[in-house]
Amino acid sequence: MSSATPAHSFPDVQLFIDGVWREGSRHEGKAASQPILNPATEEEIGTLHHASRADLDDALVAAEKGFAVWKRVPAHERYKLMRKAAEILRERAEDIVPILTMEQGKPLPEARIETLAAADIIDWFAEEGRRQYGRVIAPRAEGVHQQVIREPVGVVAAFTPWNFPINQAVRKISAALAAGCSIILKGPEETPASCAELVKAYEAAGIPKGVVNLVFGSPAEISSYLIPHPTVKKVTFTGSTVVGKQLAALAGAHMKRVTMELGGHAPAVVFEDADVEHAIKLLSGAKFRNAGQVCVSPTRMLVHENLYERFVDGFTEAAKNVKVGDGLDESTRMGPLANARRVEAMEALTADALAKGATLRTGGARIGNKGYYFQPTVLTDLAADSRILNEEPFGPIVPIMPFTSEEAVIAEANRLPYGLAAYAYTTSHKRADEFARRVESGMVSVNHHGLALPEVPFGGIKDSGFGSEGGIEAMDAYVNTKFVTTLGL
Ligand code: NAD
């Protein structure tokens, strides 16, 4: 493990309501807050202020007023303000990157990519906001004029998690703003500061007050208040399938539109004709990114029996070579897990697999007793009912399984209720095509990991949710379609 950790300052995090940064208002005599921990050291690095019910009411009023203002701002003006926010984010990136690493754990290069990618996402949605076209439909009768108009849905309630504190938030805020909506974002309580820095970029760009609001607190209390509230017209959530189903049910009970970006358990199929070295290099790189806490992480390696031993040896070697340490050390490849829950989950998943007869090729244990570090772990010879083969691992554990027939591997790929991402490695166009058609997944990537660019759709099917957070489809979630027909005008 690497240990050099340069000193960086870390901000306390407040709420942003109606264009003002403020502490949570007092409830029963005291304002609620929670400590922010550095997962590399478990030290307290800052304080996060919580919203009370009164603060949420203020945010709702602000967002309603913000919507009334923002929907009237011409698309070209909205575009200019958003582009400015992107520029500000780029200018501030080197200050934001260590903040993201300190609260979330990911290595600096990954934090840098996330921050700069956010600017790219804002730019893309800014542009897309200029291309919100309606249409005219040919009439059946003389004098009738039929048109289709796209209008912003209104106030959005958004809930984003801790694994990509900037990236998960920027997709929702940017699509909402590009469409002309206002937003109340409940950011991630464990990694709030980098999310707040993102919001500061919109603020500094001059987005009118009340259009973007940021709150933190008890997730269940906030979602159960905001989702049914009549001011909120659209709900968007990124997080676990379990919570997503609860929030989608609540939204359904109140007839609110939803986008649900939930968990996955992505199959990565290495076919007989694959370039195995290429597959090992890319899959190990993708798997240990953000210590495996990525919804589209390749999590079930399914390798043709003829390549299996080579793949297992190569992948195990790659796992052993991952340099684990404090993300602030520039040489670190994999940081700590983001919170203690993930370490406990890794220990439980490993113990379960081993108890059911799995072979531990490398890793399998927590590193040290300070910081939430877990070894890159490779397991083989797994029982079908091992939890790791059935639950989203969300950590640096890799199960590898051999397959013989292509029918069997497609069945295995589709076996779980998840359907977010799927990967294949093959040199056959026919195999790639067949895999892409038959795999039940919102996204398919063959011979590379080409997902999550702003211009391509991003979303899952089955228990992985619905709706897209990328590509032109992402805008659909934030607009209502209105049909207008007139006669004789
Ligand atoms: P969790 O299920 O308690 O929380 C997941 C996320 O949902 C967190 O951001 C949390 O703040 C939020 N949340 C929880 N209850 C909520 C509620 N009632 N209303 C609104 N938001 C709520 O678990 P966790 O320990 O934080 O994360 C573990 C699991 O969550 C992982 O195993 C993974 O499956 C999933 N997860 C998925 C993503 C993703 O990108 N899709 C991101 C983070 C976590």
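Pair-distance distribution of segment 165-291: all C-alpha pairs, bin width 10 Å, starting at 0; shares per bin in whole percent are 10, 35, 28, 16, 9, 1. Only lysine pairs 8 or more places apart, or on different chains, with alpha-carbon atoms under 26 angstrom apart are counted in segment 247-346, and they number 4. Across segment 357-374, coupling constants 3J(HN,Hα) worked out from phi with the 6.51/-1.76/1.60 Karplus curve, θ = phi - 60°, read x, 5, 9, 8, 7, 6, x, x, 9, 5, 9, x, 10, 10, x, 8, 8, 9 Hz, and Gly and Pro carry x.
Between 0 and 90 degrees, the angle of helix 75-104 with respect to the longest Cα principal axis of the chain falls at about 40 degrees. Sparsely packed loop sites in segment 49-81 (the chymotrypsin sites (Phe, Trp or Tyr not before Pro) outside DSSP H, G, I, E and B with at most 11 other Cβ atoms within 10 Å) do not occur. Neighbours of F125 by Cβ distance under 12 Å: Lys/Arg scored +1, Asp/Glu scored -1, total 0.
For D273, the residues 5 or more places off, or on other chains, whose built amide H falls under 5 Å of its own are T427.
Cα axis of helix 167-179 to longest principal axis of the chain: angle in degrees, 0 to 90, nearest 10? The helix 167-179 is inclined about 30 degrees to the chain.
Cut-off is 10 Å between beta-carbons; in what order do D326, D476, D385, D58 appear when sorted fewest neighbours first? Ascending number of Cβ neighbours within 10 Å: D385, D476, D58, D326.
A simple charge model with +1 on the Cβ of Lys and Arg, -1 on the Cβ of Asp and Glu and nothing else charged puts the dipole of the chain at about 1420 debye relative to its Cα centre. Ordering T115, V73, S33 by Cα displacement along the dipole of segment 1-154 toward the positive end leaves V73 in first place; charges were set at the Cβ atoms of Lys, Arg (+1) and Asp, Glu (-1). Here's the list of lysines a cross-link from K84 could span, going by alpha-carbon distance under 17 Å and ignoring same-chain residues fewer than 8 apart: K200, K209. Please name which of Q246, L360, V398 has its Cα lying farthest along the dipole of the chain towards the positive end, using unit charges on Cβ (Lys, Arg +1; Asp, Glu -1) and the Cα centre as origin. Looking along the dipole axis, the top candidate is Q246. From the residues H49, V144, T377, which one has its Cα farthest along the dipole of the chain in the positive direction, the dipole being from +1 and -1 charges on Cβ of Lys/Arg and Asp/Glu about the Cα centre? Of the candidates, V144 comes out farthest on the positive side.
Under the combined filter of DSSP loop state and at most 14 neighbouring Cβ atoms within 10 Å, segment 23-62 retains these trypsin sites (Lys or Arg not before Pro): R26.
Taking one quarter of the surface of the C-alpha convex hull of segment 266-454 gives a mean projected area of 10.5 nm². Using C-alpha pairs below 8 Å separated by at least 6 residues, the relative contact order for segment 338-451 is 19 percent.
For the chain, just say rounded, prolate or oblate: build the C-alpha gyration tensor, square-root its eigenvalues into a ≥ b ≥ c, call rounded for a/c under 1.5, and beyond that prolate if a/b exceeds b/c, oblate if not. Judged from the Cα gyration tensor, the chain comes out oblate (a/c at least 1.5, b/c at or above a/b). For segment 266-454, the Cβ-based charge dipole about the Cα centre amounts to some 520 debye (Lys, Arg positive; Asp, Glu negative; other atoms uncharged). Taking the Cβ of L81 as the centre, find all other residues whose Cβ is under 15 Å away and add up their charges (Lys, Arg: +1; Asp, Glu: -1). Cβ neighbours under 15 Å give a net charge of +3.
Here the Karplus relation 6.51 cos²θ - 1.76 cosθ + 1.60, evaluated at θ = phi - 60°, turns the backbone of segment 409-419 into coupling constants of 6, 5, 4, 5, 4, 8, 5, 7, x, 6, x Hz, with x for every Gly and Pro.
Counted by Cβ distance under 11 Å from L420, the other residues give a net charge of -3, where Lys and Arg count +1 and Asp and Glu count -1.
In a simple Cβ point-charge model (Lys, Arg +1; Asp, Glu -1; nothing else charged), segment 332-427 has a dipole of about 540 debye relative to its Cα centre. Entry note, the chain: relative contact order of 18 percent, from Cα contacts under 8 Å with a spacing of 6+ residues. Annotation: amide H of G459 within the under-5 Å range of E469, sequence separation 5 or more or interchain, hydrogens built in the peptide plane. Of all segments of the chain bounded by GluC sites (Glu not before Pro) found in a DSSP loop with no more than 10 other C-beta atoms within 10 Å, the longest spans 143-489. Rounded to the nearest whole Hz, the Karplus-based 3J(HN,Hα) values (6.51 cos²θ - 1.76 cosθ + 1.60, θ = phi - 60°) of segment 426-441 follow the sequence 6, 9, 9, 5, 4, 4, 4, 5, 5, 4, 4, 6, 8, 6, 8, 7, with x at glycine and proline.
Only the coordinates and a few stated rules stand behind these numbers; no lab work does. Just so you know, these numbers come straight off a predicted model, no measurement behind them. Note: ideal-geometry Cβ built from the backbone for every residue, glycine included; neighbour counts use all protein chains shown.
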